[in-house]
1. Looking at B:Ala36, B:Ala77, B:Ala93, which is the one that is at pLDDT 95 or above, in contact with a Pro (Cβ under 9 Å, 6 or more places away or on another chain) and under 24 Å from B:Asp146 (Cα atoms)?
2. Does A:Val78 fit the bill of being more than 7 Å from chain B (Cβ to nearest Cβ), outside any helix (DSSP H, G or I) and touching a Phe, Trp or Tyr at 6+ places or on another chain (Cβ under 9 Å)?
3. Taking the condition of being aliphatic (A, V, I, L, M) and more than 7 Å from every other protein chain (Cβ to nearest Cβ), how many residues in the stretch B:359-379 meet it?
4. Quick check on A:Val194: is it part of a strand (DSSP E or B) and farther than 30 Å from A:Glu403 by Cβ?
5. Looking at (1) surrounded by 20 or more Cβ atoms within 10 Å (Cβ to Cβ); (2) modelled with pLDDT of 85 or more; (3) not aromatic (Phe, Trp, Tyr), find the lone condition where A:Ala199 falls short.
6. Only helices (runs of 4 or more DSSP H) wholly contained in the stretch A:240-310 count here; list those with 1 or more residues that are more than 18 Å from A:Lys430 (Cβ to Cβ).
7. With the structure loaded, tell me whether B:Gln301 is farther than 24 Å from B:Ser52 by Cα, assigned to a helix (DSSP H, G or I) and modelled with pLDDT of 85 or more or whether it fails that test.
8. Listed residues B:Gly434, B:Gly415; which is in contact with a Leu (Cβ under 9 Å, 6 or more places away or on another chain), modelled with pLDDT under 95, surrounded by 24 or more Cβ atoms within 10 Å (Cβ to Cβ) and more than 9 Å from every other protein chain (Cβ to nearest Cβ)?
Amino acid sequence: MNRPIKKVAIFCFALFAVLFLDGNWLQVVKASSYSAHADNYRNTIYNYQVDRGSIIVGSTSVAASQATKSTTMKYQRVYSNGAEYAPVTGYFSSNYGTASLEQYENTLLNGKDTRLATQNFIRKAEGKDQAGGSVVTTINAKAQDAAYQALTSELSSVGEGAVAAINPKTGAILALVSAPSYDPNKLASASSSVQNSYATALNNNSLQPKLDKALNQTYPPGSTFKIVTSAAALTDGIGGQSVTPNTSIPGAPLTTLTLPQSTSTISNSGGETCNSAVLMDAFAQSCNTVYGYVGMQLGASNVQNMAQAFGFNRTGLTVPMTTSTSVFPKNLSQAQLAQSSIGQFDVTMTPLEGAMMASAVANGGTIEAPYLIAKELDTSGNVIASATPTTYSTPISGSVATELSTMMQDVVTNGTATSLQNIGVSVAAKTGTAERGTGQNPVAWMVAYAPANDPQVAVAVMVADNNVQPSDAFGNSLAGPIAASVIKAVIG
Amino acid sequence: MSMAASPSAAGAVTPPPAEPEIPKRRNAELVLLIGAWVLGMFAYANVGLASSAGKLQSNFWTMGVLFAAVLLLLHLAVRWLAPYADPLLLPLAAAINGLGLVLISRLDPYNIANKMVPKAGSAGQQAIFTVIGAVVLVAVLFFLRDHKVLQRYAYVSALAGLILIALPAVLPASMSEVNGARSWIKFAGLSIQPAEFGKLLMVSFFAAYLHAKRDTLALASRKVLGIYIPRGRDMGPLVAMWAFAMLVLIRETDLGVSLMFFGAFVIMLYLATERASWLIFGLLMFVGGAALVAMLFAHVQTRFDSWLNPFGDVSGNSRQTAQSLYAFANGGLFGTGLNQGYPTLVGFANNADYIMDTVGEELGLVGLAALLIAYGLFVARGLKTALLVRDPFGKLFASGLAVVFALQVFITAGGVMRVIPLTGLPMPFLAAGGSALLANWILVALLLRISDAARRPLPPALPLTAPPNLLDPRGVPGNGNDGRYYGQDKAVRT
């Protein structure tokens, strides 16, 4: 009977081998994917046992962990200037998860990043709590303060707005503001009921305070889109003729543009008649009839290609937060093209895209990819990674950029952006006042950069507020002063 | 067999060579037992130091002395009652039992706080049953001096075993159901898992029965396509066991018990007959039957569903399966360290069916592998005993015990680790449960008894000096025969 006993012994060995291999499968191969499951409560427990890293602006922490006396929740997340920095930091909540940098830099902040493995192994051996690394942002505290204060002091209770400012030479994001905002401290509260009631209130608010409107909401760009239409005209020419800022567009109407195969028309703001069909003048005066006509003369593909070179319809921009995609519609009729060329119809963009448009002009035609993280630090504060600017796209040539720069400066000196005059620095800008549905005030825009000769900041300000007088709801009057504050904060 | 081979004339026979001295290895066993004690106490100290108090448990040294006393008792009893027994069986069982006590005490604070165990915790209970188990082991060794005696009680064992296994199925659910599986007998505040005793009785019966019937079962068969097909009437026992296993599966919702018994029976059938066809028939019948039952009965199907799709219903049916996998994943290679993981998140039965979660999470893959090796070595020593023991009943009995033990480990750990659908068996020696612990110590006693018989030297052989014609009926002096019987001569038979 020994022969079959030996075979059974091999069988038993195989049973144990299967268990051993399965142990390898669960504990090595699948370990990280199982550990990441949302219903794995270990993550929640771990998150409150770890000395989570800070989110730093300049040399100040805007999000930091404070030790508590509790054994289960050893650290409490604290946000200074929570509402102002909410679009940057996001929140870290036991019931509602994470957002923004708290979400996108979670593995660094919570110490699970492999680059921190050695340090945390030593900490474990020393009996210390696990710790996370920190994130140093590109935010300029003065610019952020100026933008947040200017925006929130101006907005009514039903208004929303956003500011995005970037350094056109590097793409570093200098200010990122969304209003109305929220207090991340309440979502990170140790009290579950505080979290729940606050989250319910936020979700019931139709202005969506948790939404970062600078990155994740798109609005009609209105006349600010004329930067793109101008870029297309200066690059591609019209009817085989090259176009310069001083070219008078032949055949462009100055009062009313009738649209082919359509009963609707395009007129100018306040029904005015434009001074001339010279491109630069039409730009400074934000002349819709000329630009609608220019768009139709360029053709849908030229305008669309230029818009896409500026970043419209291009998905996947991360800063590291994933941003919403700005849209320039396709398959346009001539009538739709005319409206799209002045930033109406179905054209939408994020405030960040507005700042990128300005930075293309400011930076000799090249858009540097916007980024929010300057440095990543390990648990003892040593730099483990630094940002290196990368080119996002080059929509226009250097000469076209120079021409556009001249035109945008003219907007301030001779045109619609009067609110940016006399602020101690020469500014290049474009206003926008985009119509929305009936009964709603327009979206007011200001897209600008400064100083005009050596650009250090490109900024886009968006304000949509139904509680102001319609006669005041213009880009220059609503968004302009905010842009001026941001520019002064950066330059001054 | 030539003349030249015989050195001398008839009558002057050289004495047979002396039996080689068989070492008893009792001192090796003692050293290993000390190792088991050190391992257990080291783990217990780990739990204490990693607790929020950060120091050794108040009963640390009391438990240490008690554990040492139990091990010493076992060792002395084996020295006295089974001196030739295998030296690895006892230390392996002791080490796993010690680790089990540590793990149960580690899980107790959570389980007490959540009212899953009595207020005093279950570690104390388990310690008491460890002592009882040791005493029972000594008693078995004392009263059962020859394992072959058990052959006589084959049918009594069978009856008792069947009743024990089937009892929870006929008892009302209030007396038999724990967490959906009806494999318990609960009365007067005690919970007994009768299958644990049933497995010993049934293996004993299988061994005796198959020993008696092996020739019939092996020889009376036809060969079709290289496979021996048994006669219809010889299929009877297999079909009966299969029907029994299916009934257990349906009535007790317990794939584990069902698979363990049926698997052990089929493997022992193969051992007795050396016919691989039994394995094929057995496997086909079980898989087919289980699949059919799973399709027909919703409560069995639920378990299959959470096996196939553990993350499908993480707040409902598959919650424990998912939590179990998370525990293993969190342990990784080296584990979190004892008392530093979260194996209690699996919830109910964290110190019983799911105790492997704690091993995987807090001791890591390294600890898991070490534990599997300990179990594997135990099974290997059982099978080695089966190889060495001389009587066929002993061979069947020892290998049956080893196989049923191996299957239980595989089914339990495999269920928790999602190799097979989850079942309701306790991990031998590790899981909280007095009746299971007691039954497993009896299993050790039986293996010690058989291995003592296996390794004990035979009494001196009778010298073959009787007259040749007495030994060899054909023996005719002067017929070229040297006076020794060399077995049947083919030439004579023809």
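The values are calculated or read from the model by the stated rules, or taken from the named source; none is laboratory data. Note that the coordinates shown come from a computational prediction; the quantities given were computed from them, not determined experimentally. Cβ sites come from the backbone with ideal geometry, for glycine too, and all protein chains shown count toward neighbours.
1. Working: B:Ala36 fails: under 24 Å from B:Asp146 (Cα atoms); B:Ala77 fails: in contact with a Pro (Cβ under 9 Å, 6 or more places away or on another chain).
Checking each option against the conditions leaves just B:Ala93.
2. On the way: more than 7 Å from chain B (Cβ to nearest Cβ): yes; outside any helix (DSSP H, G or I): yes; touching a Phe, Trp or Tyr at 6+ places or on another chain (Cβ under 9 Å): no.
So A:Val78 does not fit the description; no.
3. First pass over the stretch B:359-379, keeping only residues aliphatic (A, V, I, L, M): B:359, B:363, B:365-366, B:368-374, B:377, B:379.
Next, from what is left, pick out any that are more than 7 Å from every other protein chain (Cβ to nearest Cβ): B:359, B:363, B:366, B:370-371, B:373-374, B:377.
So the count comes out to 8.
4. Values: part of a strand (DSSP E or B): no; farther than 30 Å from A:Glu403 by Cβ: yes.
Against the criterion (part of a strand (DSSP E or B) and farther than 30 Å from A:Glu403 by Cβ), A:Val194 does not qualify.
5. Result: A:Ala199 passes all but (1).
6. On the way: elements: A:279-284, A:288-298, A:300-310.
Of the helices (runs of 4 or more DSSP H) lying wholly inside the stretch A:240-310, those with at least 1 residues that are more than 18 Å from A:Lys430 (Cβ to Cβ) span A:288-298, A:300-310.
7. Values: farther than 24 Å from B:Ser52 by Cα: yes; assigned to a helix (DSSP H, G or I): yes; modelled with pLDDT of 85 or more: no.
When the stated conditions are applied, B:Gln301 does not pass them.
8. Values: B:Gly434 fails: surrounded by 24 or more Cβ atoms within 10 Å (Cβ to Cβ).
That would be B:Gly415, the only listed residue that is in contact with a Leu (Cβ under 9 Å, 6 or more places away or on another chain), modelled with pLDDT under 95, surrounded by 24 or more Cβ atoms within 10 Å (Cβ to Cβ) and more than 9 Å from every other protein chain (Cβ to nearest Cβ).
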